[in-house]
1. If you take the residues of the stretch 220-251 that are closer than 25 Å to Pro86 by Cβ and within 17 Å of the chain's Cα centre (by Cα), which of them is surrounded by the fewest Cβ atoms within 10 Å (Cβ to Cβ)?
2. Is there a residue in the stretch 89-109 that is in contact with a Leu (Cβ under 8 Å, 6 or more places away or on another chain), free of Cβ contacts under 8 Å to residues at least 40 places away in the same chain and within 30 Å of Glu231 (Cβ to Cβ)?
3. Give Gln195, Gln236 a once-over and let me know the one that is of a type in the set (S, T, N, Q) and part of a loop (DSSP other than H, G, I, E, B).
4. Considering only the stretch 151-170, how many residues are touching a residue at least 60 places away in the same chain (Cβ under 8 Å), touching a strand residue (DSSP E or B) at 6+ places or on another chain (Cβ under 6 Å) and assigned to a loop (DSSP other than H, G, I, E, B)?
5. Filter the stretch 73-127 down to residues that are basic (Lys, Arg) and part of a helix (DSSP H, G or I) and give me whichever is surrounded by the fewest Cβ atoms within 10 Å (Cβ to Cβ).
6. Out of curiosity, is Tyr168 touching a helix residue (DSSP H, G or I) at 6+ places or on another chain (Cβ under 8 Å), surrounded by 14 or more Cβ atoms within 10 Å (Cβ to Cβ) and aromatic (Phe, Trp, Tyr)?
7. Go through the stretch 55-72 and report how many residues are of a type outside the set (S, T, N, Q) and surrounded by 14 or more Cβ atoms within 10 Å (Cβ to Cβ).
8. I'm trying to understand the selection: among the residues of the stretch 194-208, which are surrounded by 15 or more Cβ atoms within 10 Å (Cβ to Cβ) and of a type outside the set (Ser, Thr, Tyr)?
Amino acid sequence: MTTPLSAVKAAVLLFFVCITSACNSGQDKTEVQTEAQPTPDEQLQATTSDNVVEVLTAYGKENPDTLALISTRHGDIKVRLYKDTPLHRANFVRLVKLGFYDQGEFYRVLEGFAIQGGDSDNRTMKQGVYKIPQEFNPAYYHKRGALAMARYGDERNPEKESSSHNFYIVQGKPKAKHELQAFEQQKSIAYTPEQTGKYLTEGGAPSLDQEFTVFGEVIEGFDVIDKIAAEPVNSQKWPKAVVPHTIKILN
């Protein structure tokens, strides 16, 4: 006996309903609602000048990382972030973990002085507008390998707040003793014997001390700094060949 096509369809439909409802004989199953997590772009754009301290303070407590690796076509630079510049440390770690710095490059090179990175004309990720309150610490100075945040000049930024994302690494050159003494008088700084020795033998950029927040230092990859600093540049000190960087947190 041939089963009518409509009966076959009904049987198939009944089987489908039974599978999708688990044939639970009247037992209701509560559907679990999961709230969508904000995307990295949404998290970045939600950070503003009004909530930046709150956001970074909370993030820093949950993410105590202090080591990062900056990778370039010239090699890797390992940096250690200072715990007692908490807002700057948290901001750097946050931008790394959200992937913001993977769209950056070393876009300004001043050989014998510093290499600056963090931004790029090709960036697609966006962030909110904010600055980071300065966290000057006399123990942290612009020795060779110092990691610090860029900022606008005093006329626009008298409180010397840092950029939200543009950072630089000091290359520097050894300084003469009379140069250091001049900076000490000018800035009312008393360098320790160790700091003086570093500036005289290894070099740095003492003109930047107490002007920009130093929040970390290079512990490996000084040769990479020198290679990037030696890149041919145009009249605006931009490398003629792009030097992209990616950054990851080690711990």
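1. Taking the candidates together, the pick is Asn251.
2. yes
3. Gln236
4. Matching residues across the stretch 151-170 total 1.
5. Lys97
6. So Tyr168 does not fit the description; no.
7. Of the residues in the stretch 55-72, 9 are of a type outside the set (S, T, N, Q) and surrounded by 14 or more Cβ atoms within 10 Å (Cβ to Cβ).
8. Of everything in the stretch 194-208, those that are surrounded by 15 or more Cβ atoms within 10 Å (Cβ to Cβ) and of a type outside the set (Ser, Thr, Tyr) turn out to be Gln195, Lys198, Leu200, Glu202, Gly203, Gly204, Ala205, Pro206, Leu208.
Where a number appears in this text, it was derived from the coordinates with a stated rule and is not lab data. Just so it is clear, the structure is predicted and the values come from calculations on it, not from any experiment. All Cβ positions, even for glycine, are placed from backbone atoms using ideal geometry, and neighbour counts span all protein chains on display.
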